[in-house]
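Readers should treat all values here as calculations from the given coordinates under stated rules, not as data from a laboratory. Since we're looking at a predicted model, the values are computed, not measured. Reconstructed Cβ throughout: ideal geometry from the backbone, glycine too, with neighbour counts over all protein chains shown.
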Amino acid sequence: MITRMSKVEIVGPKDLLRDVVALLQQLKVIQIDPEESELEGEDAVEEKVRPFLHDERERSLFERLFLEDLRRRIDDLFASLPDVPVRTSYIEPQVILDTILVTVDKHLRTARTLTERKRSMQSEIEECVRFASFLGTLDSLFKQPHTPPNLDVIMLTIKDQTAVEHIRSTIAKLTDGKFKLFTVPAGRGTLAGMITLEKDASVAVSAALTQEHVPELALPPSFEALPLSGKITYLERQGLELSRQIEAVDRELGDLGRRWGPIYRRVREWIDERITLLTATASILQTRMCFFIRGWMISDDVARLRAQLDVSFGMQVVLEEKHMREKDLEHAPVVLLNRPYFRPFEIFGRLLPVPAYSSFDPTPFIGIFFPVFFGMILGDAGYGVLLVMLALYLRRRYAKKREVADASQVLLASSLYTVIFGVLYGEFFGDLGTTLFGMEPLLIERRTSVIPMMVFALSAGVVHIVLGLLLGAITAFRRKVRREGFAKLLNILIILCMIAVFATFFGYLPGLLSRPIIMVILIATPFLLFSGGLLAPLELLKNIGNIISYVRIMAIGLTSVLLAFVANQMAGATGDIVLGVMAAALLHLLNIVLGVFSPTIHALRLHYVEFFSKFIESGGKKFDPMHK
């Protein structure tokens, strides 16, 4: 439900403003209303009422820009430092702010230099690994007995992997096929290549590769004087040395973070508090002696905040609950508070825009109707029992994860209704309950009673849509839009009369009632046009179409029950008990998976499209109280 909100005003001497704002930030109970820029009856007030920071607006703006820039630099520093546990600092940030301005840039340069050095050394290690891989291949190649003495090596980087065959054919033409090309992945979608060929052809091949824009990898100069095996050993030692240097850089960054991290973290927290204070005081009014804080809070918290102000400031700070005007309803923030059963269903309500303060909270309606529609569609006691077990496991396993815990609670409620409707339909894994236990339907046998099931689904639709129209009429009368309210009531009357006429045709009501009911429809139609305008008949047809769309409850449920029956029939048709049980179990498992997602999607659609469109008004503002 939407919690009742109160418009309040807090008044006190200017020298207590900082303490009052700090208390309000700590309690998190009031949201300042920026829409109220001046007090009522300002002309009757001797002293001019103005924004609190009116005289210091420019200084406040520069201070905020300065603090936001300092916070950005501290965040950049934290991004360059490793995430290490740090102690809590109790230093007063405002005292050392001048020092922080100097040290943060110095430490940021140091951290970035160390990070860049570490990144460079990591790239060198990757190069060493790639060189070592190539040289290892080359070493084994030179150890072959028939290797020519005039063998040369060209290393290259191939950025486009599709160009390998083109490069291979180009080299083959220049060397008469006397070459070998080796490639290995080099990261980022490139290949590192090594060509072994006779020295006489190496110049021409290098020129051709340059012409084809294929860059060569030049071996480090220090390798030139080393034998091939020595080069491999050198690369391995170089990789180990680079790894040790990276560890040293990590230690240096860690020491920097452990030493200065607590101070910068405390300064950043103070900056956040200071910016919040500047933002809050920008919407606070003042006279020469007093400040005025106007805002919104939950009505149940007013007495508690008044008592806390009395304890902290005596009678110097006063809290007054203001009279709510009609235009205030447009600015009132929205807080949704529901009973424990309904609270998990807020997971679906959060998918919608925040409802207006004068509207309704959709959560209780989802909590009532969603499990019912889910159970009507799935409607198998065996499936329901399995889903109850799954919901209980998820609720216990993920009790500390709110989203999963709420979803498991919703699944539990929906599964219980699935068991109930499964008993009413006489379904337990399809007809398995009938075969094993003699289970019979208490209400409807869905597989054969298609028309009664359709009537049952349409009846649910009538109840749902009529309730939505009734709530829409209440909302319209609240907003003083009486014509819209009467139009919705007339829609309800005409829809119920049309249902009664159909009931007389099929013998559910006496036929003599059809004529007076039709007369009521004819009399109500002009009033509908007067209250709803020329589009009112189209709106009526839309509402009737919304009711007809509830036939999907029958159609989707029929699909589910038929699949369950097919699964059981396949089990008996295979001629092998083990194979039959496995086939039936797989089909039932598939049916359960579909039976969870399909009813969820369609039950939500019936709420979002057909039901909520009748009365929910969006445009509300979420309650965002002052906080540190």
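Results, tabulated for the structure shown:
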read-out: Lysines whose Cα lies under 16 Å from that of LYS488, excluding same-chain neighbours fewer than 8 positions away; value: LYS480, LYS542, LYS614
read-out: Set of the stretch 232-271 residues, backbone N closer than 14 Å to the point 7 Å along the Cα-Cβ line of ARG87; value: 258-264
read-out: Mean Kyte hydropathy of 0.0 or more with a Cα span along the axis of at least 27 Å, helices from DSSP in the chain; value: 402-425, 450-478, 482-505, 552-573, 577-605
read-out: Reach of LYS28 by Cα under 19 Å, taken over lysines that are not fewer than 8 positions away in the same chain; value: LYS7, LYS621, LYS622, LYS628
read-out: Residues in the stretch 535-557 reached by a label modelled at LEU529 [backbone nitrogen below 15 Å; 7 Å Cα→Cβ]; value: 535-540
read-out: Label-to-label distance, nm, for residues given as ARG479 and LYS327 (7 Å Cα→Cβ offset); value: 1.8
read-out: For the stretch 263-353, alpha-carbon Rg relative to the globular expectation (2.2 N^0.38 Å, N residues); value: 1.49
read-out: Net charge of Cβ neighbours under 15 Å - reference ILE420; Lys, Arg +1; Asp, Glu -1; value: -1
read-out: Lysines whose Cα lies under 27 Å from that of LYS180, excluding same-chain neighbours fewer than 8 positions away; value: LYS143, LYS159, LYS199, LYS231
read-out: Euclidean distance of C-alpha centroids, the stretch 497-551 and the stretch 468-496, integer Å; value: 15
read-out: Theoretical ellipticity at 222 nm over the chain - DSSP helices of four or more residues, -39500 (n - 2.57) apiece, nearest 500; value: -20500 deg cm²/dmol
read-out: Extension gain (nm, one decimal) between ASP160 and ARG73, 0.36 nm per residue minus Cα-Cα; value: 27.4 nm
read-out: Neighbour net charge for ARG479 - beta-carbon separation under 10 angstrom, K R +1, D E -1; value: 0
read-out: For the stretch 493-576: rounded, prolate or oblate by the Cα gyration tensor [a/c cutoff 1.5]; value: oblate
read-out: For the stretch 343-614, radius of gyration divided by Kirkwood radius, i.e. Rg to Rh on alpha-carbons; value: 1.05
read-out: Other-chain or far-sequence residues with amide H under 5 Å of PHE291's (modelled H); value: GLY12, LYS14
read-out: For the chain, Kirkwood radius (reciprocal of mean inverse C-alpha pair distance, Å); value: 33.3
read-out: Peptides 117-124, 362-369, 452-459 ordered by average Cβ neighbours within 10 Å, highest first; value: 362-369, 452-459, 117-124
read-out: Geometric extent, Cα atoms of the stretch 521-628 - Rg, Dmax (angstrom); value: 23.8, 71
read-out: Farthest toward positive dipole pole in the chain [+1 Lys/Arg, -1 Asp/Glu at C-beta], among ILE548, GLN94, HIS607; value: ILE548
read-out: The stretch 255-308: equivalent-ellipsoid semi-axes (sqrt of 5 x gyration tensor eigenvalues, Cα, Å); value: 35, 17, 9
read-out: At 1.002 mPa s and 20 °C, Stokes diffusion of the stretch 342-434 via Kirkwood alpha-carbon radius, µm² per second; value: 153
read-out: Environment charge of GLY177, counting only residues whose C-beta is closer than 14 Å and scoring Lys/Arg +1, Asp/Glu -1; value: +2
